[in-house]
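Q: Pasting a structure here, questions to come.
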Amino acid sequence: MPGMPWSLPWPFDTTYMQLALVAGVAVGVSAPLIGTFLVQKRLSLIGDGIGHVAVAGVGAGLLFGTSPVWTALVVAVVAALALEWLRSRGRTSGDLALALFFYGGIAAGVVLAGRSTTNANLQPYLFGSILTVTENDVYTVLGLGALIVLAIAITWRALVAVSLDEESARAAGIPVGALNALLAALTAVTVAAAMRVTGVLLIAALMVLPVATSRVVARSFRATILGAAVVGVVAVVLGLAAARQWALAAGGAIVLATLALFAAASIAAPLRRGRAPEDAATLLSGPE
Amino acid sequence: MRTPAANPVLSVHGVSFAFGAQRVLEDVGLEISPGEFTALVGPNGAGKSTLLRIVLGLLAPQTGRVELFGSSPRRLADRWRLGYVPQRPRLAPDLPATVEEVVAAGRLAKRGWWRRPRADDRTAVMHALESVALGELRKQRVVELSGGQQQRVLIAKALASEPQLLILDEPIAGVDAQAQRLFRDSLVHLLREHGAAVLLVSHELGAVADDLERVVVLRHRVLFDGKPADLSATGVSLGVHADDLPRWLEELSENGGS
């Protein structure tokens with residue numbers, strides 16, 4: 001097992017499963033960290049949108065023979081910053097500008113990839129292919145994941161202040177515009193990091209669903225963030241195990257595992273507090 | 001008219017502002033001294049919120065000049081010196097934050113938003129919570145509190161940076177009488193213990209009327225600026241519905257009073 005100095009029990013007893021585990025845990029931790037703040041800002045679907053735009057970057061990478069992760073990263077960061085700029089000026093009314101970006105991105109990706117002369121195809125980037133990641137892929141994912149964890153560790157208190165009340169945060173001298181731009185850029189970094197794990201079309205699920213699960217039980221913002229990261233990691237482990245056991249598509253299995261954890265938490269938490277379980281819609285929309 | 005203070009925490013000189021053709025503020029002047037408790041009153045649409053946004057540096061005046069602690073509001077480096085309590089608790093109903101986390105967010109201006117909190121920061125947060133009588137609820141989710149309690153959480157958030165000027169926008173609108181009394185006690189505590197200046201922006205004064213040192217009545221311009229007693233001497237009680245107040249003052253000035 002090159003590069004893997006430890007031995008692990010089933011299902012992580014092979015090299016490809018261990019590489020998948022490392023890449024999956026890096027994304028399982030970092031995606032919900034970003035997601036916590038996106039959910040609070042009512043931007044749950046922005047990760048999905050940026051994922052669509054990133055497809056153009058994947059297509060360009062395939063066409064020009066460079067690593068699709070890096071071209072997708074550049075395209076996604078530029079698009080995320082442009083979207084944040086439009087949002088901060090209130091110019092995305094009716095979601096029309098968002099739609100232009102998203103569908104423009106995915107259409108450009110399909111066209112660019114179609115022009116590629118190599119045998120490359122979009123599929124592994126759309127839905128992930130975590131069981132085929134290489135050691136180099138893992139280093140890339142670990143690097144991007146570490147960047148996200150570090151950025152959130154430094155800025156999370158200020159991001160909480162911004163999500164409480166932007167105007168008060170501005171009056172207190174917190175650089176609200178810069179922090180919003182940073183969050184948008186980090187969303188794009190998450191999309192690029194998760195491309196080989198869940199794929200760009202499913203990454204938003206790993207940003208948002210662990211947060212929804214964590215909010216059911218957590219009693220503070222800090223606990224919500226940490227709990228979401230834990231749920232993300234547990235979902236990755238469960239999803240990979242299920243994929244190995246029943247030969248499932250790993251990206252989809254991971255996302256279904258987050259849904260299962262959300263359902264379990266929604267049923268268990270109210271029972272523990274001694275009242276009847278609420279329906280999932282009420283839990284998703286909060287106490288009011 | 002009042003004599004200018006030596007080192008005002010806030011000074012507003014000849015500020016005018018218009019939204020298109022609609023003049024909102026006309027040649028407004030105002031100075032606030034350290035430790036002073038002032039109310040800025042006026043009916044809805046009198047320009048209070050616009051003036052407030054200019055003072056906070058969120059809006060630039062079209063003419064005139066504003067100084068907060070001697071520098072322009074947008075350039076003020078020590079932002080912690082200014083505490084601001086917005087009009088309503090605009091807290092998202094699903095906000096997972098605890099009372100303590102919300103108040104700690106107010107401490108960022110003093111500590112630096114990127115720094116980890118130290119022991120003195122935690123003490124200041126606890127102190128702010130106790131001064132609004134919410135120490136025991138600090139681990140509660142803030143959205144589980146009543147409207148009046150949430151209002152006090154936001155005041156504690158503003159107090160956490162130990163400001164030298166506290167600006168409160170309509171803090172008692174829609175809050176019940178008991179919450180108003182608790183709010184009043186918190187303010188009096190702040191004035192006595194921290195020596196901070198307080199500017200209360202409101203269209204009603206409720207329970208705090210008796211503690212005021214100064215009232216400024218605004219309707220596009222400053223119609224009255226002086227002691228509450230002088231205002232009362234003209235026959236107006238601050239307890240009355242304040243929407244009637246500026247109109248009454250205008251009539252008074254037309255008849256050669258004021």
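Q: Pull up all non-local amide H partners of residue B:223: gap of 5 or more, or a different chain, and H-to-H distance under 5 Å with H placed in the peptide plane.
A: Under 5 Å from the amide H of residue B:223 lie the amide H atoms of B:217, B:218, each far enough along the sequence or on another chain.
Q: Could you work out the per residue convex hull volume over the alpha carbons of the range A:81-240, in cubic angstrom?
A: Roughly 137 Å³ of hull volume per residue.
Q: I need the P(r) histogram for the protein assembly as shown: all alpha carbon pairs, bin width 10 Å from 0 out to the longest distance, whole percents.
A: 4, 16, 23, 21, 16, 11, 6, 3, 1, 0
Q: Can you list residues from other chains, or at least 5 along the same chain, whose modelled amide H is less than 5 Å from the amide H of residue B:170?
A: Placed amide hydrogens put B:201, B:202 under 5 Å from residue B:170.
Q: Follow-up. GNM on chain A, C-alpha springs below 10 Å: top fluctuator among A:67, A:214, A:129?
A: Highest fluctuation of the listed residues: A:67.
Q: With N set to the residue count of the range A:15-285, report its C-alpha Rg divided by 2.2 N^0.38 Å to two decimal places.
A: 0.99
Q: Please work out the Cα center distance from the range A:93-113 to the range A:132-177, rounded to the nearest Å.
A: 26 Å
Q: Sticking with this structure for a sec: Over 26 Å between Cα atoms: which of B:110/B:139; A:41/B:139; B:157/B:227; B:110/B:227 fall into that group?
A: Too far apart for the 26 Å limit: B:157/B:227; B:110/B:227.
Q: Out of the range B:49-95, which trypsin sites (Lys or Arg not before Pro) are coil in DSSP terms and have no more than 16 other C-beta atoms within 10 Å?
A: The qualifying sites are B:74, B:75, B:90.
Throughout, read-outs are computed from the coordinates displayed, never taken from laboratory work. It should be emphasised that the depicted structure is a prediction, and the values quoted were computed from it without experimental measurement. So basically every Cβ, Gly included, is an ideal-geometry build from the backbone, and we count neighbours across all protein chains shown.
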